[in-house]
Amino acid sequence: MKVQQKNQKKIKLTIPQVEIMSPGHVACLGCGASLALRYVLKALGKKTIMSIPACCWAVIDGPFPYSAAGVPIYHCAFETAASTASGISHALSRLGKDDVTTLAWAGDGGTFDIGIQALSGAAERGDNFIYIVYDNEAYMNTGIQRSSATPYGAWTTTTPVKHFKKSRKKNIMEIMVAHHIPYCASANVGYPEDLIKKLQKAKKIKGTKFFHLFAPCPTGWKHSPDQTITIAQAATKSNVFPIYEVENGVYKINKKIKKPIPVAEYLKMQGRFRHLDEKEVAYIQKEVDQNWNRLLKLEEAFGQPSN
Ligand SMILES: Cc1ncc(C[n+]2csc(CCOP(=O)(O)OP(=O)(O)O)c2C)c(N)n1
Ligand code: SF4
Ligand SMILES: [Mg+2]
């Protein structure tokens with residue numbers, strides 16, 4: 001008996017057990033974006049009001065009067081996630097309700113492309129809300145069209161195999177850092193503890209907080225639904241999607257991979273990259289290395305000075 005007790009392992013759960021989102025949503029099997037919001041609401045709690053523009057999540061939530069999210073949602077036009085959140089946040093402030101979190105939850109198309117003007121305006125004003133772009137790297141809801149978050153080399157219906165995407169993914173984190181907002185973070189649905197910790201921190205900060213959240217889409221990326229987390233983690237393990245935060249201008253890389261896996265391993269898990277030859281894969285590896293080295297330099301120059 002004693003031996004048994006001695007061998008018992010203590011597991012410390014850091015993911016809140018509370019479930020705010022309900023399972024009866026209408027996302028595809030293995031959808032990274034649906035799991036992502038489940039984690040986000042665990043971190044932010046029930047006292048959250050969301051703005052959701054046109055995107056997969058406008059559908060995932062379910063048809064009126066049903067809602068899987070479990071918190072009030074203002075469904076708004078494609079380009080208005082941030083301006084709607086600004087309105088909600090100011091209304092809450094006028095009502096003296098400072099214990100309610102306003103969350104703008106938008107896709108990459110609604111953020112990197114059409115919604116960037118509203119987001120930039122709100123960030124420059126310093127409106128008090130958390131903005132999260134769940135990035136599935138294309139316009140999925142309307143049938144997998146490319147966005148400016150689609151990476152170089154990817155197949156989409158508007159960048160077909162013979163004319164795959166030839167431009168690089170926009171660096172949305174650096175665009176938001178340039179707005180001098182108090183908090184910017186990248187996060188990955190494959191690393192929920194990191195995501196939740198950062199959200200709990202962001203919740204306490206006044207002003208505009210921005211999250212770039214990586215969320216694989218089995219339907220658009222052409223992978224099996226049970227590979228979502230493996231692929232999400234491979235993106236960070238290969239430095240394709242580094243996880244870092246910038247708090248009041250101070251850079252911190254949250255996950256440094258000692259021996260990054262080759263980018264080829266990440267690419268080969270997904271049908272959207274199947275057409276790429278060795279030369280193209282080498283180009284992508286070079287691009288990833290460049291981005292990573294640039295980030296290391298930013299942390300060196302603008303990180304927390306070590307004592
Ligand atoms: C002004 C406007 N243009 C186009 C559309 C059509 N539309 C609805 S959702 C969507 C794609 C959204 O892509 P993204 O923001 O990446 O979210 P995802 O569907 O990938 O979750 C588009 C083009 C629209 N609703 N409004
Ligand atoms: S298309 Fe992709 S993002 Fe949209 S619900 Fe399906 S898996 Fe999720
Ligand atoms: Mg998208």
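The values are calculated or read from the model by the stated rules, or taken from the named source; none is laboratory data. Worth saying up front: this structure is predicted, and the values here are computed from it rather than measured. No Cβ is skipped: glycine too gets one built from the backbone with ideal geometry, and neighbour counts run over all protein chains shown. Accessible surface areas use protein heavy atoms only, side chains included; no ligands, DNA or RNA. Shrake-Rupley method; radii C 1.70, N 1.55, O 1.52, S 1.80 Å.
Tell me whether the stretch 49-163 comes out rounded, prolate or oblate; compute the Cα gyration tensor, take square roots of the eigenvalues as a ≥ b ≥ c, and use a/c under 1.5 as the rounded threshold. Write out the running numbers ahead of the final one.
Details: a/c = 3.20, a/b = 1.70, b/c = 1.88.
Here the stretch 49-163 falls in the oblate category.
Please list the non-local residues whose amide H lies under 5 Å from the amide H of Ala54, H modeled 1.01 Å from N, same-chain partners needing a gap of 5 or more.
Those qualifying (amide H under 5 Å, at least 5 residues apart or on another chain) are Cys76, Phe78.
Given +1 on the Cβ of Lys and Arg, -1 on the Cβ of Asp and Glu, and no further charges, what dipole in debye does the stretch 1-149 carry about its Cα centre, rounded to the nearest 20?
That gives a dipole near 1100 debye.
What is the packing order of peptides 123-135, 104-116, 194-206, 174-186, taking the mean over residues of other C-beta atoms within 10 Å and listing the highest first? Please report the intermediate quantities before stating the final value.
Values: 123-135: 22.8, 104-116: 27.0, 194-206: 17.6, 174-186: 19.3.
Descending mean neighbour count gives 104-116, 123-135, 174-186, 194-206.
With a 1.4 Å probe and every protein chain left in place, tell me how much accessible area Arg168 has, in Å² to the nearest 10.
Here the accessible area works out near 100 Å².
Residue by residue through the stretch 276-293, what is 3J(HN,Hα) from phi via Karplus (6.51 cos²θ - 1.76 cosθ + 1.60, θ = phi - 60°)? Round to whole Hz and write x for glycine and proline.
In residue order, the calculated couplings are 6, 8, 4, 5, 5, 4, 5, 4, 5, 4, 5, 4, 5, 4, 4, 4, 5, 5 Hz.
Residue by residue through the stretch 28-39, which ³J(HN,Hα) values in whole Hz follow from phi under the Karplus form 6.51 cos²θ - 1.76 cosθ + 1.60 (θ = phi - 60°), with glycine and proline marked x?
Running phi through 6.51 cos²θ - 1.76 cosθ + 1.60 with θ = phi - 60° gives 5, 4, x, 5, x, 5, 6, 5, 4, 5, 4, 5 Hz.
With +1 on each Lys and Arg Cβ and -1 on each Asp and Glu Cβ, how big is the dipole of the stretch 128-263 about its Cα centre, in debye rounded to the nearest 20? Walk me through the numbers on the way to the answer.
Details: 21 positive and 8 negative charges, 59 e Å.
Charge dipole of the stretch 128-263: 280 debye, to the nearest 20.
Taking only DSSP H segments of four or more residues, each worth -39500 (n - 2.57), what value at 222 nm results for the chain once the sum is divided by all its residues, to the nearest 500 deg cm²/dmol?
Here the helix-only value at 222 nm equals -10500 deg cm²/dmol.
Report the relative contact order of the chain, percent, no decimals, based on alpha-carbon pairs under 8 angstrom and at least 6 residues apart. Provide the component values of the computation, followed by the final result.
Working: 577 pairs, mean separation 48.5, N = 307.
Here the relative contact order equals 16 percent.
List the residues whose amide H sits under 5 Å from the amide H of Ala187, counting only those 5 or more places along or on another chain, with H placed 1.01 Å from N in the peptide plane.
Here His212, Leu213, Phe214 satisfy the definition.
Rounded to a whole number, what % of the accessible area of the stretch 196-307 do carbon and sulfur atoms account for, probe 1.4 Å?
Accessible surface attributable to carbon and sulfur in the stretch 196-307 totals 52 percent.
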